[in-house]
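S.K.: Sharing a structure here in structure tokens format.
FYI, it's all coordinate maths here, none of it is from the lab. The structure presented is a predicted model; accordingly, all values stated were derived computationally and were not measured. In this analysis, Cβ positions are derived from the backbone assuming ideal geometry, glycine residues included, and neighbour counts consider all displayed protein chains.
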């Protein structure tokens, strides 16, 4: 069964004063860009969709599917209504940029897989356009990472831990993904966070399990 | 039936795409013939017209005489001609649906009694009909007996519309004061001679008309399309719709009508199209209801953007999916091109589907099964090949056996959820080979 889920509203720029606000890291304000990197299977699609899910209350979200593998069932499980989730299939580098630019002009949120071989310049232009149009944008390179300075929040998957399966018994239930967050959202510092996903609800940052890996105030961080 | 299913049953079948504009060209002479008997014929779609007959019945001396006269006039066109006669358009439409080839005339004496006996399926909404049936309500008479407030509370606007129809009230017109002349016209100098150009203008006009009416909170159910040719001749046709016209549906009707005037029996639009006018004549408050946080401007903007993207990426690449029943993730999605009517699900969503892969769903599902390399030791998965490296399997769930339709040649397969340190995967083992069905991304 597909559950219709509650989402926290779209808030303003996320703050990160302490780990009590860690959940706000998984919020994307209008015009902000998130970059996701990691191999398929690391849970980044669901994380990207959860960043955009609150915007589906106001209008359709678009998933630009470069690989042709997008499954809307994951979006439905995140509480996005089927008619609010539109998939554009395009693996053509030339038209990809035009499609994203057009969509940024009129939809509430865009999740775009970035094709391999795309020039960095195109991404910088699209990022500027997303900021101007105040449309949240999630970029997921099919391979590699985004060039620096494009995304407000960079999330890189490090490790995935699944629960629920055991030597043939049970089925997948919970997932904990260890992510390295960086960018302006983390004030330029690199942080490690853990995100819990039970498949049928909003993602949640596991409290007190993250740790700042670098930064000027390392000594004042609560134990992870 | 989908063309794919039809081809499976009959491989030599020829698929012919429906061209409603061409059908309207063929239907236009029929409408003109009826108009020689009774003016103000309203077209619903190529093949169906509504004829207001209150005045004509007196003139021709009775309902049956009038119907016989219509049938006689339409004789030269051949084919199947059926007439349903009732006090309201909904009852008339349902009456004509009950006619047969051998009994082509159905005169309804009492609309209320006739409607009360109709099945809930006649409301035209599968979801609504299914919900009513589940509640033990099978006829429109039973729907009409439900308290109006309860119906609105449970089924919203669709329920209200159904309740009205069940009570024999076709629609509520002009719900509040609206400025008199809402017609929209465009004048062309020089006159338009190209059909495609005229169709483009029609779309623009329809957009303006519906947009203007939306700002008053109303929507048109009937629209008079009038075209004036450069030589001064004027042609006019009324189109009717049970549901209010949207920009898209109205633009389509105008395009069909223009094509029927240009390609049909009339002498075309001589000298080109000089003026095109759309006049709404039957308004109701049942315009599109926006969601709480949605705004009309944003909706229009999104439609425009999607049309542009469709032009860049191609019609087949802008898609919306809807849930449907099935065991595997791929089966549980029914894809429709954006802007097209949602397909009815091939498989029942509410059926139990034993052996269905449990939630959460994989976020990535390959369009075709992809070979997936796994090493098995004594029936236990040990390692998975991801690109160039082998990764150990940490845990797994399954096998979940799927027994296909053996009478159709479908074999047996086992599905597994495989967990590695790099992620989790859904795979299928069939005839000794392993395939990737989904990635839990």
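S.K.: What whole-number distance in Å separates the alpha-carbon centres of region B:104-142 and region A:109-125?
M.R.: 53 Å
S.K.: Along the Cα→Cβ direction, 7 angstrom out, place labels at residue A:167 and residue B:204. What is the inter-label distance in nm?
M.R.: 7.4 nm
S.K.: Compute the Cα gyration tensor for region A:22-156, then decide on rounded, prolate or oblate, letting a ≥ b ≥ c be the square roots of its eigenvalues: rounded whenever a/c is under 1.5, prolate when a/b is larger than b/c in the other cases, and oblate in all that remain.
M.R.: Taking the square roots of the gyration eigenvalues as a ≥ b ≥ c, region A:22-156 is rounded.
S.K.: So, R0 is 60 Å and r is the distance between the beta-carbons of residue B:40 and residue B:368; what FRET efficiency does that work out to, to 0.05?
M.R.: Numbers: r = 55 Å, r/R0 = 0.92.
The value I calculate is 0.60.
S.K.: Considering Cα pairs under 8 angstrom that are at least six residues apart, work out the relative contact order of region B:37-129 and quote it in whole percent.
M.R.: Rounded, it is 16 percent for region B:37-129.
S.K.: Here's another thing I want to ask about it. So, R0 is 22 Å and r is the distance between the beta-carbons of residue B:154 and residue B:242; what FRET efficiency does that work out to, to 0.05?
M.R.: Approximately 0.50, to the nearest 0.05.
S.K.: Rounded to the nearest 5, what % of DSSP beta bridges with both residues in chain B are antiparallel?
M.R.: 95 percent
S.K.: Once you keep just the Cα pairs under 8 angstrom separated by 6 or more residues, what percentage relative contact order results for chain B? List each step's numbers first, then the result.
M.R.: On the way: 692 pairs, mean separation 45.6, N = 441.
The normalised contact order for chain B reaches 10 percent.
S.K.: While we're here: Is region B:21-166 best put as rounded, prolate or oblate by its Cα gyration tensor, with a ≥ b ≥ c the root eigenvalues, rounded for a/c under 1.5, and otherwise prolate when a/b is larger than b/c, oblate when not?
M.R.: Since a/c reaches 1.5 and a/b is larger than b/c, the shape of region B:21-166 is classed as prolate.
S.K.: Neighbouring Cβ atoms within 10 Å as the yardstick, rank B:376, B:134, B:407 fewest first.
M.R.: Ascending number of Cβ neighbours within 10 Å: B:407, B:134, B:376.
S.K.: Expressed as a rounded percentage, what relative contact order does region B:304-353 have, with Cα pairs under 8 Å and six or more residues apart? Don't jump to the answer; show the numbers that get you there.
M.R.: Working: 62 pairs, mean separation 16.5, N = 50.
Relative CO of region B:304-353 lands at 33 percent.
S.K.: Students often get this wrong: which residues of region B:389-433 have the backbone nitrogen under 15 Å from the point 7 angstrom along Cα-to-C-beta of residue B:8?
M.R.: Answer for region B:389-433: B:404-411.
S.K.: I would also like to ask the following. Just to verify a number: FRET efficiency for residue A:142 and residue B:430, C-beta to C-beta distance, R0 = 25 Å, to 0.05? Please list the in-between numbers first.
M.R.: Details: r = 28 Å, r/R0 = 1.12.
The computed FRET efficiency comes out at 0.35.
S.K.: Hey, another quick one. Given points 7 Å out from each Cα along the Cα-Cβ axis, report the residue B:109 to residue B:80 separation in nanometres with one decimal.
M.R.: Distance between the two pseudo-spin positions: 2.8 nm.
S.K.: Let me ask something else. Sort B:248, B:187 by Cβ crowding within 10 Å, fewest neighbours at the top.
M.R.: Least to most surrounded, the residues fall as B:187, B:248.
S.K.: Another one. Given points 7 Å out from each Cα along the Cα-Cβ axis, report the residue B:48 to residue A:93 separation in nanometres with one decimal.
M.R.: Result for the modelled spin labels: 5.2 nm.
S.K.: Would you list B:410, A:77, B:368 from fewest to most Cβ contacts within 10 Å? Before the final figure, lay out the partial values.
M.R.: Numbers: B:410 12, A:77 23, B:368 7.
With the fewest neighbours first, B:410, A:77, B:368 line up as B:368, B:410, A:77.
S.K.: Percent antiparallel among DSSP beta bridges with both residues in the protein assembly as shown, to the nearest 5?
M.R.: Here the antiparallel bridges make up roughly 75 percent for the protein assembly as shown.
S.K.: Sorted from largest down, what three extents in whole angstroms do the Cα atoms of region B:184-284 have along their principal axes?
M.R.: Ordered largest first, region B:184-284 gives principal extents of 38, 26, 21 Å.
S.K.: While we're on this one: Using the per-residue mean of other Cβ atoms lying within 10 Å as a proxy for protection, in what order, highest first, do the peptides B:355-361, B:34-40, A:48-54 fall?
M.R.: A:48-54, B:355-361, B:34-40
S.K.: Sum -39500 (n - 2.57) across every DSSP H segment of at least 4 residues in the protein assembly as shown, then divide by the residue count to get the 222 nm mean residue ellipticity, nearest 500.
M.R.: Using -39500 (n - 2.57) per qualifying helix, the result is -9000 deg cm²/dmol.
S.K.: On to the next question. Let me know the shape class of chain B, please: from the alpha-carbon gyration tensor, a ≥ b ≥ c as square roots of the eigenvalues, rounded when a/c is under 1.5, otherwise prolate if a/b is greater than b/c, or oblate.
M.R.: On the way: a/c = 2.18, a/b = 1.82, b/c = 1.20.
Prolate is the answer for chain B, as a/c is 1.5 or above and a/b outweighs b/c.
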